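Encoded as structure tokens, the structure appears first; notes follow it.
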């Protein structure tokens, strides 16, 4: 494919030679037959020394020998270009003989059901869905069109997954929420009879756990993107477009707004509300409601810039203590006079 | 079912109309045909405005139009009532033709073994057990009566699970403890030849990992309740009734007492002893032994109330530093006189 | 087996009676027919009171009645002895009739493929590999000789695992890295078309997640040992012999050196470099590059000894504030004079 064709696909302009491009790569690893990109200005120097034949950039670089496609959002443009060179796997529709599909389940004929998949009674699997081996699709589960369940995904009875979702391996959707009432002698299990609803275009990373609601529903909004090993407690609601990074935990009944970012290893307490468009830095511990639009960090969570100052003092605490000790001695001396 | 019948089932009194009740719901979502409950006084206002037909409460509310069942522990009472309206799934006993059961395994005839279950040599599965698809029951494993293994549970060879346990999807029981000895050139694996014993009435949340002991046993006591994504290292012992919330990690050989609560994202160091009836707040990092009956938080772990005060000062550290700077200047001035 | 034979196997000397030994055990649980070991001097008192018939020690103990094998590294020696008494399970080679193996996959005839294993097109499984039930070996995956995949391991298409590796249950290798570009309306998925390469002699604990690279490779070096529930982001590179303890998370493109130790619940930020031979204590939050050979702790990460002092002051912050308040009052008084 020529640079001019790629530029055309992106509705972008290009400068330099209209070379033949055969693959995609990073700034470091690209060969003259590859196209690469520069999104973060931090890597401009690497871009100036890349051996790539073409580069997608925001502003023109002084590289005479590299063809340049100029666009506002090089990262997005590159993401779109990757699929030109590495097309998605095509799959054969149909139900494997080695799968178990309950006779009362409804599988669209364009769906692909791999060996060792289990699909329970009254479950519905939409068109062009792909259900990889060892997935469990419980009784009454609904899976929307085009959704992919990678191997070893478990969807407990009655849960619903929307259209165009990607659920990675080991994800558990709809296990019981954590609820017990002490009866004087032991923990009595509070039945968890709600469900999980996952809206459209959601991606969930491997080995995440999303508990069903006690009575109503746990809901993951459209276009939510969740990294690996995230825990979502019962009755949690997560708004559209929210990003949740790896190993974050969200306790029961928390309400996470739209367009929120929770970075890695955060914790959100039970019943907490996190406002729309807010951002929590890595490892933030959120024990109080968060206003919309703020940027927070730390534990207890506080304004991110304030936290940076707090951390700065924190690491010098022993010196600060020494200064305090000295001051006390000096004042003792003054007082003695 | 009438309110009077529900009250009778609970051995409780009721006031108001003896309505027909058809379902269970939350304060917010209940319809006039539903019963709900008020356990936390924080939600009294919601209770006063609920549209439920009946409510389980501790103290009488001034709602004339809602039937009220009065009981000491509304949460427990409600938990018991849920099962009146949402009965547990009934399952057909028997071994699926699509399961693999070793000829030398012993499966009680009242157990349900789903498709794609693997049961190894000499394993024993007790009466009324339910083993969902894709579970692996290793060689010599014993599973007590009435225990449920949700899909994709792995129980390594030789481990034992008691009666009435609920093991959620993705749980791994009996993987090797983390033990290596440096031999001068590489890490030599210390064989992990012990096992895991899980006593009765234990519930383990999805994707938890519980390692087998190096030589003896890792033991989870009766009525322990574990949330999702918890890590339990080799040789750990956890006492009866202890609650462990999501994403907590317990390092090898730690001893957790009875009736302990470890809230979410805690960490317990290797060989640490945590005393009976102690409570650790979310994210507590426990690096020293903990006395019985205490409430702790923070990292390093300290008395919870003290930690609240520490956090309060911590967040104002930059201001404190400024005050220290000012004091030094003032004393410098005084000293100059 | 006699003590003299065990000593011979270890090329070590022994003192005391040349007893018959029948098993291995801990200091606490050993019977007179068992051999045990003392590695940590902290447990010398236990060693003096053990009922074991023989003990592996570094320095001679004043126990007349216990046979003693003297060696420089008792822990390593014991690890080697365990396998004399508890041999590894022997497995029958061959492909189960209940497995699914693509006709274009290549399985060495000495490998053991259990029921319900799925092996995709063009995958290669080396000699003496063991693939336990419910594993998914994707298209084009390569698994080196002698590697064991415990039940429910998922290896996505195109990933490579070296020789002599042990991959515990629930591990996911090669799920998509977490990469999205905002297109003005939604998160556009950045295709993750790289792979994961796991070198030789690597052990990975249960339910770990290791993402495939966006374009190139995520690489886990030879003899890396990873505990349970560890997250490894896309494009991460981990050097040889590095130890990563449970629940640690490593964000995308981080470079972890050789012989590094990351203790439990650590976090490493994206693109961070952690130098060779460095050690991070439990829960360290690494947001800046780490030099080789250092020992760090805390968040922000700092020199471990400094952190111990910081923690010490931190826990007394309220008292420190009180002293500051008192000082201010005293100076106010002085100033008034």
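A few notes on this one:
- Residue in the stretch B:22-41 that is surrounded by fewer than 13 Cβ atoms within 10 Å (Cβ to Cβ) and either assigned to a strand (DSSP E or B) or within 26 Å of the chain's Cα centre (by Cα) (or both) present: yes
- Meets criteria (over 25 Å from residue C:270 (Cα atoms), crowded, with 16+ Cβ neighbours inside 10 Å and out of contact with any strand residue (DSSP E or B) (no Cβ under 7 Å at 6 or more places or on another chain)) for residue A:11: no
- Residue within the stretch A:197-205 that is in the same structural domain as residue A:263 (by TED's automatic domain parsing) and at positive phi present: yes
- In the stretch A:199-222, the residues that are part of a loop (DSSP other than H, G, I, E, B), crowded, with 22+ Cβ neighbours inside 10 Å and facing another protein chain (nearest Cβ under 7 Å): A:201, A:205, A:206, A:207, A:215
- Condition met for residue B:273 (more than 11 Å from chain A (Cβ to nearest Cβ) and either more than 30 Å from residue C:326 (Cα to Cα) or more than 22 Å from the chain's Cα centre (by Cα) (or both)): yes
- Selection count, the stretch A:74-100, where residues are within 10 Å of another protein chain (Cβ to nearest Cβ), modelled with pLDDT under 95 and assigned to a loop (DSSP other than H, G, I, E, B): 4
- The single condition among (1) in contact (Cβ under 8 Å) with a residue 24 or more places away in the chain; (2) crowded, with 20+ Cβ neighbours inside 10 Å that residue B:118 does not meet is (1).
Here's the yes/no breakdown for (1) out of contact with any helix residue (DSSP H, G or I) (no Cβ under 6 Å at 6 or more places or on another chain); (2) outside the structural domain of residue C:65 (by TED's automatic domain parsing); (3) in contact (Cβ under 8 Å) with a residue 12 or more places away in the chain; (4) more than 20 Å from residue C:75 (Cβ to Cβ):
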| residue | (1), (2), (3), (4) |
| --- | --- |
| C:8 | yes, no, no, no |
| C:16 | yes, no, yes, yes |
| C:23 | no, no, yes, no |
| C:26 | yes, no, no, no |
| C:30 | yes, no, yes, no |
| C:37 | no, no, yes, no |
| C:41 | yes, no, no, no |
| C:45 | yes, no, no, no |
| C:48 | yes, no, yes, no |
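- Condition check for residue A:103: within 14 Å of chain C (Cβ to nearest Cβ) and either within 30 Å of residue B:116 (Cβ to Cβ) or in a loop (DSSP other than H, G, I, E, B) (or both): no
- Test: residue in the stretch A:61-69 that is within 14 Å of chain C (Cβ to nearest Cβ), under 30 Å from residue A:20 (Cβ atoms) and at pLDDT below 95: no
- Lone unmet requirement of (1) over 20 Å from the mean Cα position of the chain (by Cα); (2) surrounded by 19 or more Cβ atoms within 10 Å (Cβ to Cβ); (3) under 20 Å from residue C:99 (Cα atoms) for residue B:96: (2)
- Among the residues of the stretch C:256-284, those that are assigned to a strand (DSSP E or B) and surrounded by fewer than 23 Cβ atoms within 10 Å (Cβ to Cβ) comprise C:261, C:273, C:279.
- Members of the stretch B:293-309 that are out of contact with any strand residue (DSSP E or B) (no Cβ under 7 Å at 6 or more places or on another chain) and part of a helix (DSSP H, G or I): B:305, B:306, B:308, B:309
- Residue A:51 being closer than 20 Å to residue A:4 by Cα, out of contact with any strand residue (DSSP E or B) (no Cβ under 9 Å at 6 or more places or on another chain), surrounded by fewer than 23 Cβ atoms within 10 Å (Cβ to Cβ) and more than 14 Å from chain C (Cβ to nearest Cβ): no
The values are calculated or read from the model by the stated rules, or taken from the named source; none is laboratory data. Just so we're clear, the structure is a prediction, and the values are computed from it rather than from any experiment. For neighbour counting, all protein chains shown are included, and Cβ atoms are generated from backbone atoms with ideal geometry for every residue, glycine included.
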